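One structure is given here, and the rest of the page talks about it.
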Amino acid sequence: MKRPLACITAAWCGNDAENTERAARYCRTVYEAGYLPICPTLYLPLFLVDAVPEEHKSGIDMSRDLVATSSVM
């Protein structure tokens, strides 16, 4: 079954653990609704260093590309 892409955004301030848990819950809910959730704020920090300006810009560019290809946000 091919699922339409859904870009997931979530507030990202304060407690990182709570933010991660909240974003993961959003992804789960969207998955259960029949979509393929994509959440840049969950996975981009695993390999990009936001403090490095070039990587910060790459993260923004990748997020924009994902939003553009998603069916819903």
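Read-outs: derived from the displayed coordinates by stated rules, not from any lab. Since we're looking at a predicted model, the values are computed, not measured. Positions of Cβ are generated from backbone atoms using ideal geometry, with glycine treated the same way; all protein chains shown enter the neighbour counts.
Which of the trypsin sites (Lys or Arg not before Pro) found in the chain are loop residues per DSSP with 14 or fewer other Cβ atoms within 10 Å of their Cβ?
Numbers: sites: K2, R22, R25, R28, K57, R64; in loops: K2.
Answer by residue number: K2.
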Checklist outcome for this item: At the level of C-alpha centres, the distance separating region 1-18 and region 47-67, in angstrom, is 15
Checklist outcome for this item: Looks like the chain, by Cα gyration tensor root eigenvalues a ≥ b ≥ c and the a/c under 1.5 rounded cutoff (else prolate when a/b is bigger than b/c, oblate otherwise), is oblate
Checklist entry - Between T9 and E55, what length comes free when the chain is fully extended (0.36 nm per residue of separation minus the Cα-Cα distance, one decimal in nm)? => result 14.6 nm
